[in-house]
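Report on the following structure.
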Amino acid sequence: MRLARSLSFERAARIREQERAEVAAHLHDSVLQTLALIQTRSNDGAAVATLARRQERALRRWLFERPDAGAKHDTIGTVLELAAGEVEELHSVPIEAVIVGDGPLDTRAEALVQAAREAMTNAAKFARSERVDLYAEVTPTRVVAFIRDRGVGFDPDAIPADRRGLRDSIVGRMRRHGGRATVHSAPGDGTEVELTMELQSA
Amino acid sequence: MSEGADYSDPPRVVVVDDHGLFRAGVRAELGDRVTVVADAGTVEDAVRAIEQTKPDVVLLDVHMPDGGGEEVIRRVLPTLPAVRFLALSVSDAASDVITVIRAGARGYVTKTISGVELAEAIVRVAEGDAVFSPRLAGFVLDAFARAPSPGEQAELDQLTAREREVLQHIARGYMYKEIAQRLEISVKTVEAHVSAVLRKLQLSSRHELSRWAMQRQLVSLDGL
C-alpha cells in the first residue's frame, strides 16, 4: 500500500518534471531567443514591436490553441489567423483577428481566405492605419469576413488602374468562386471590405 | 449605488497586477486622465487596498497567483457592490475571460490597448457602462452561437438579433458612436444592448458558459 502510494507520487513527480522540461525547452527556443534579439536591436523601435508581436502570437498559439487544431487538417479559422499573422509581420501593422465559429477548408473557403489576405495587405500597405481589424464568422453554410481599417480611405469608383489587387484578387476572385465582395470606403473615412461565401453543405 | 459620485472628476482607480513593471507602465500611460489611488500585486494586497480606498474602478489582471482576478472580485463585490471591475489581460483563452466576466467584471480589454483607449474604457466603466473589446465580443458570439439545449432558459441563454448585430459591429472594430449611426439607434441604446448582453453572460446557465467557468485554465502562467 505504502509502496504503491510512493510509486504513484514518484510517477506524478516524473510527469511534472517532464512537463516542466518541455515548457523550459519551448521558452528557450522562442521567448528567450526573441528577448535576445530585442536586446541587440533595442534602438530600432519598429523591429522591436514586430518581434514582440510575433512572439506574442506564437506563444499565445502554443498556450491556448485547441490541441487538434492545425495538426491534422487546416480549418478556415486557423488559416485566416495565419494569414493575418503573416500580413502583420510583412507590413508591421498590427492586425486584430477575431474569428467566431470554424469549419473545414474547401476550395470556396480557400478563395475567401486569399481574398481576405489581399484585403489585409491592401489595408496594411496603403491605408496608413494604426491597426487593421479582421472579423470572420463561420457557420456550416457560410463564411463572412470583414476587413476594416481607419486609414485614408479612397473612392471605390476611382481605383487607379495599377491597383489590380482590389479588382482581381478580391472582387474577381470572390465572384469566380460564387461569392461576393463589397468595398465600403470614402476618402478620409477608412475602408471596410466585406466578403461573403456560401459553402457547399457537407 | 454610485453614491452621487461626480464624474467631472477623474475616476479613482486601483491597479491590480502581479507584474510591478506593468503596474508602473499603466500608471505612466494613464497620466492624469484617471487618478490611480493604489496598486497591488497579490490577491491579499488587492482586497486590502480596495477596501481601504474604495475606488470607482479596479483595473484587474486576469492572471495572478492565488486565484487571479476572479478571486479579488468574489471577495470584494459582496461588501463593496459599488466598485466596478475592468479586466485586463494578455491572455486570449475564452474560459479565463468569461470566468472573470461571470464573476462580475464589467468589461475586458487586452493589454495591447493604448493609454488613451484604456483611460476611456475606465471612464466608461466608472459611469456604469459595459466595455467590450472586439475579442470579448467574439468570445461571446461564439459562446452563444449554438441554440440552447432543452432545459436552458431561452430568454437568458440566447442573444436577440439586435444584440448579436451590436456585438458583430464591436468585433469588426466599430466604436459605440459609429454603431449607433450605422444601426440608426442612439448611443444609449447601443450601451443598453451591451449591458443586456453582460447581464445574460452573468446569469445564463448555458452549458458553454458554465463549462468555461468551471474549468480552470489548463496552463498556469503563474510560474513563468
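Starting with the fewest neighbours, write out B:176, B:108 ranked by other beta-carbon atoms found within 10 Å of each beta-carbon.
Fewest-to-most ranking of B:176, B:108: B:176, B:108.
Let's test the formula: R0 of 22 Å, r as the Cβ-Cβ distance of residue B:186 and residue B:82. What FRET efficiency results, to the nearest 0.05?
It comes out at approximately 0.25.
Please arrange A:146, A:154, A:126 by how many other C-beta atoms lie within 10 Å of their C-beta, fewest to most.
Taking fewest neighbouring Cβ atoms as first place, the list is A:126, A:154, A:146.
Under a 10 Å cutoff between Cα atoms, tell me which one of A:15, A:170, A:38 has the largest fluctuation in the Gaussian network model of chain A.
A:15
Other chains near B:106-117: what is the mean number of their Cβ atoms within 10 Å of each residue's Cβ?
1
Under a point spin-label approximation (7 Å from Cα along Cα-to-Cβ), what is the residue B:32-residue B:19 distance to one decimal in nm?
2.9 nm
If you take all C-alpha pairs in the protein assembly as shown, what percent of them are over 30 Å apart?
So the portion of pairs separated by more than 30 Å is 48 percent.
Between segment A:96-113 and segment B:81-116, how many Å separate their Cα centres?
Here the two parts' Cα centres lie 27 Å apart.
Of the peptides B:160-168, B:28-36, A:189-197, how do they stack up when ordered by the mean number of other Cβ atoms within 10 Å, highest first?
With the highest mean Cβ count within 10 Å placed first, the list reads A:189-197, B:160-168, B:28-36.
Would you mind ranking B:200, B:111, B:188 so that the residue whose beta carbon has the fewest other beta carbons within 10 Å leads the list?
B:188, B:111, B:200
How many Cβ atoms of partner chains, on average, are near each residue of A:132-143 if near means within 10 Å of its Cβ?
For this peptide, the per-residue mean of nearby foreign Cβ atoms is 3.
Give the Debye-formula value of log10 I(q)/I(0) at each listed q (0.11, 0.12, 0.14, 0.21 Å⁻¹), with one equal scatterer per alpha carbon of segment B:1-129, two decimals each.
Once normalised to I(0) and log-transformed, intensities are -0.31, -0.37, -0.52, -1.29.
State to the nearest 20 debye the size of the charge dipole of the protein assembly as shown about its Cα centre, where the only charges are +1 on K and R beta carbons and -1 on D and E beta carbons.
The calculated dipole for the protein assembly as shown is roughly 720 debye.
Can I get the semi-axes of chain B's equivalent ellipsoid? Compute them from the C-alpha gyration tensor as square roots of 5 times the eigenvalues, in angstrom, largest first.
The answer is 27, 21, 16 Å, longest axis first.
Once the piece of chain linking residue A:18 and residue A:42 is laid out straight, how much longer is it, given 0.36 nm per residue of separation minus the C-alpha distance between them?
5.2 nm
Taking every eigenvalue of the Cα gyration tensor of segment A:1-64, multiplying by 5 and rooting it, what semi-axes result, largest first, whole Å?
They are 40, 11, 5 Å, listed largest first.
For a test of the definition: using alpha carbon positions, the gyration tensor, and the 1.5 limit on a/c, classify chain A as rounded, prolate or oblate.
oblate
Using a Förster distance of 41 Å, how high is the FRET efficiency between residue A:155 and residue A:27, based on the Cβ-Cβ distance and rounded to 0.05?
According to the calculation, E is roughly 0.25.
Can you tell me the relative contact order of segment B:28-103? Whole percent, Cα pairs under 8 Å, sequence separation 6 or more.
Dividing the mean separation by the residue count of segment B:28-103 yields 30 percent.
Put +1 on the Cβ of each Lys and Arg and -1 on the Cβ of each Asp and Glu in chain A; which of A:9, A:129, A:23 then has its Cα farthest toward the positive end of the dipole?
A:9
Please give, to one decimal in nm, the separation of the simple spin-label points placed at residue A:106 and residue B:161, each 7 Å out from Cα toward the Cβ.
So the two model labels end up 2.7 nm from each other.
FYI, it's all coordinate maths here, none of it is from the lab. Because the structure is predicted, anything quoted here is derived from the model rather than measured. Every residue, glycine as well, gets a Cβ built from its backbone with ideal geometry; the counts of neighbours run over all protein chains shown.
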